[in-house]
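Each remark here refers to the structure printed beneath this line.
All of the numbers you see were taken from the coordinates with simple rules; none came from a lab. Keep in mind it's a predicted model, so treat the numbers as computed, not measured. Cβ atoms come from the backbone with ideal geometry, glycine included; neighbour counts cover every protein chain shown.
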Amino acid sequence: MELKRTPLYDTHHRLGARLIDFGGWEMPVQYSGIVDEHLCVRKAAGVFDISHMGEVEVRGPAALAFLNQLLTNDAARLAVGEGQYTLMCRLDGGVIDDLYLYRLGAENYLLIINASRVTDDVTWIRSQHEALAKGGELSVTDRSNELAAIAVQGPRVVDFIGAVFPNASTGGIAGVPVAALKKNQIGRFGFGRGDVWVARTGYTGEDGFEVVCPATEIEAIWTQLFAVGRSGGLQPCGLGARDTLRTEMGYPLYGHELSESITPIEAGLAYFCALEKAAFNGRKTLVEQKANGPRRNAVAFTMTGKAAPPRAHYPICLPGESGAVIGEVTSGTQSPSLNCGVGLGLVTVGHAVIGSAIAIEIRGRRYPAALVKKPIYRKMTS
Amino acid sequence: MQNVPADLKYASSHEWVRLEGAVATVGISDHAQHELTDIVFVELPTVGRKVAAGEACAVVESVKTASDIYSPIAGEVISVNETLVADPGLVNREPFDGGWFFKLRPSAEGGTGQLLDAAAYARQIGG
């Protein structure tokens with residue numbers, strides 16, 4: 001199958017990016033190098049093309065009730081211009097996708113979904129629409145093909161992003177400069193011939209913004225960002241750094257920490273499940289697991305000695321040379337910030353004790369590691 | 001512009017070998033280290049191990065992925081570059097010098113007939 005390309009494909013090519021197949025998309029994995037880009041986001045600023053991600057709009061008087069049945073978090077908590085992390089579960093509690101839900105207007109919501117899940121998500125949402133809407137007025141529109149997106153992340157971004165969007169917002173959180181958006185707030189800003197949505201959020205653990213706009217505008221925004229941000233250290237960053245940054249924070253990646261056979265409770269995401277809601281897809285399983293404890297727990301760990309970097313599917317064991325296997329690594333890498341191996345995993349209930357010693361089996365050999373609290377990397381506060 | 005020293009032989013899997021008398025030194029090419037970038041861990045064979053040509057006998061790990069290193073020729077491992085254990089980035093900085101992986105005593109049949117010369121390897125990597 002031919003790989004899909006984002007509107008920034010030519011830009012990546014010109015910048016010398018190394019491109020890989022990521023869920024059917026030809027995406028930049030790195031430009032200057034993963035470690036360099038990672039540290040640039042931690043210290044200064046980086047921009048990621050995330051146009052491969054999907055966007056679904058849900059509108060109408062029945063939108064809130066529908067979304068609150070479809071998703072685990074409580075959408076009723078969102079004022080206009082606010083967003084929340086949330087999960088979409090099957091009826092048995094398995095995760096179909098994790099996503100960001102934004103309330104753009106009184107009866108207008110935007111779902112930002114994973115690239116690899118767009119088809120499954122839209123099919124599921126439409127089937128649920130038919131099953132649940134019961135005549136309620138509601139439209140579901142997949143806008144993934146017409147919209148593009150970038151994430152601009154790092155402590156310096158707030159210093160220059162206002163120069164790209166100089167006017168106050170006109171929708172969502174209205175009447176504020178872009179740099180005045182608070183975490184998880186979204187505003188509509190003029191750019192070129194159209195409007196773009198800018199949210200203060202990200203997937204790196206750093207301060208930053210995500211910009212969602214018509215595909216036709218994204219290259220101009222990218223260019224403008226570099227015009228004003230280069231002196232602030234802005235660099236293009238690929239999916240390689242995006243992955244190491246999120247792993248250091250312990251953020252889940254669908255297909256690794258989350259899947260249709262892992263529930264949000266097992267994944268440690270109970271905070272994003274409003275179990276007090278009267279009814280929503282997966283609620284029965286999640287309530288049960290919350291009350292009785294799940295069979296597996298999500299954990300984070302760091303290697304404690306010289307070791308190869310942990311990788312997905314390596315066995316997690318009790319310490320020593322022959323400790324029992326208690327689980328599996330779901331994501332692992334060499335942490336550029338900490339300069340040691342770090343990872344996330346799932347272990348059998350009873351073993352997820354922060355501080356306890358474990359071992360990771362790498363090519364038949366056991367290497368010592370320890371369970372740690374998330375985030376694995378914590379920013380020094382000065 | 002690829003750096004492909006003329007005095008070395010190359011495997012199509014991107015290892016180089018330097019033959020000096022009865023000792024063959026093995027490493028990975030500048031092209032390979034550039035493709036891997038940010039090498040963070042190297043696993044070396046044990047001294048005394050007998051390896052066949054094309055046998056996986058070391059591992060190099062970048063931030064993103066683990067890759068096998070194949071011995072370009074048959075022989076017995078007579079020493080390994082312990083410096084890489086503490087400083088794997090040396091493979092990125094000096095792929096043809098300080099970043100060597102291991103030395104072999106080539107076996108009798110351990111010829112270099114299957115290997116590429118510098119010009120042929122440069123063509124393979126499009127240099």
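Taking Lys and Arg as +1 and Asp and Glu as -1, the other residues whose beta-carbon sits under 11 Å from that of A:L99 total -3. Over all pairs of different C-alpha atoms in chain A, the reciprocal of the mean inverse distance, the Kirkwood hydrodynamic radius, equals 21.6 Å. Once the C-beta distance of A:R363 and B:V85 is scaled by a Förster radius of 22 Å, the resulting FRET efficiency is 0.90 to the nearest 0.05.
Considering only A:G23, A:A267, A:G364, the residue lying farthest towards the positive end of the dipole of the protein assembly as shown is A:A267, judged by Cα position with unit charges set on Cβ. Using Cα centres only, tell me the gap between segment A:1-66 and segment A:288-335 in whole Å. First find each Cα centre; the distance between them is then 29 Å.
Calculated mean residue ellipticity, 222 nm, chain A: -5500 deg cm²/dmol, from DSSP H runs (n ≥ 4) at -39500 (n - 2.57) each, averaged per residue and rounded to 500. Cross-link pairs exceeding 25 Å in C-alpha to C-alpha distance, out of A:K374/B:K64; A:K183/A:K379; A:K290/A:K379; A:K306/B:K103, comprise A:K290/A:K379. With the simple spin-label model, which puts each label point 7 Å out from Cα in the Cβ direction, the A:S261 to A:A324 separation comes to 2.1 nm. Taking a spot 7 Å from the Cα of A:R143 along the direction of its beta carbon, which residues of segment A:13-53 have an amide N less than 16 Å from it? Counting backbone N atoms under 16 Å from the label point, the list is A:51-53. Taking the Cα centre of the protein assembly as shown as origin and assigning +1 to Lys and Arg Cβ atoms and -1 to Asp and Glu Cβ atoms, the resulting dipole is close to 1160 debye. Our coupling estimate for segment A:362-369, obtained by passing each phi through the Karplus curve with A = 6.51, B = -1.76, C = 1.60 and θ = phi - 60°, is 10, 6, x, 10, 9, 10, x, 8 Hz, Gly and Pro reported as x. Starting from the Cα of B:D7, move 7 Å in the Cα-to-Cβ direction to define the label point; list residues of segment B:83-127 whose amide nitrogen is under 12 Å from there. Correct set: B:97. Using R0 = 56 Å, the C-beta based FRET efficiency linking A:E130 and A:A227 works out to 0.75. Take each residue in B:53-64, count the other chain C-beta atoms within 10 Å of its C-beta, and the mean is 4. Its Cα centre serving as origin, segment B:35-127 has a Cβ charge dipole (Lys and Arg +1, Asp and Glu -1) of approximately 180 debye. Projected label points at A:I354 and A:L338, each 7 Å from Cα along the beta carbon direction, are separated by 1.3 nanometres. Taking the square roots of five times each eigenvalue of the Cα gyration tensor of segment B:1-78, the equivalent ellipsoid has semi-axes of 20, 17, 9 Å, listed largest first.
A viscosity of 1.306 mPa s and a temperature of 10 °C, combined with the Kirkwood radius over C-alpha pairs in the Stokes-Einstein formula, give segment A:36-129 a diffusion coefficient of 110 µm²/s. With a Förster radius of 41 Å applied to the C-beta separation of A:E288 and A:M380, the computed FRET efficiency comes to 0.50. Under the criterion of Cα pairs below 8 Å and six or more residues apart, the relative contact order for chain B equals 32 percent. Remark on A:D97: its backbone amide H falls under 5 Å from those of A:M88, a criterion applied only to residues 5 or more positions apart or on other chains, H modelled at 1.01 Å from N. Between B:D97 and A:A174, the modelled labels are 6.6 nm apart [label points 7 Å from Cα along Cα→Cβ].
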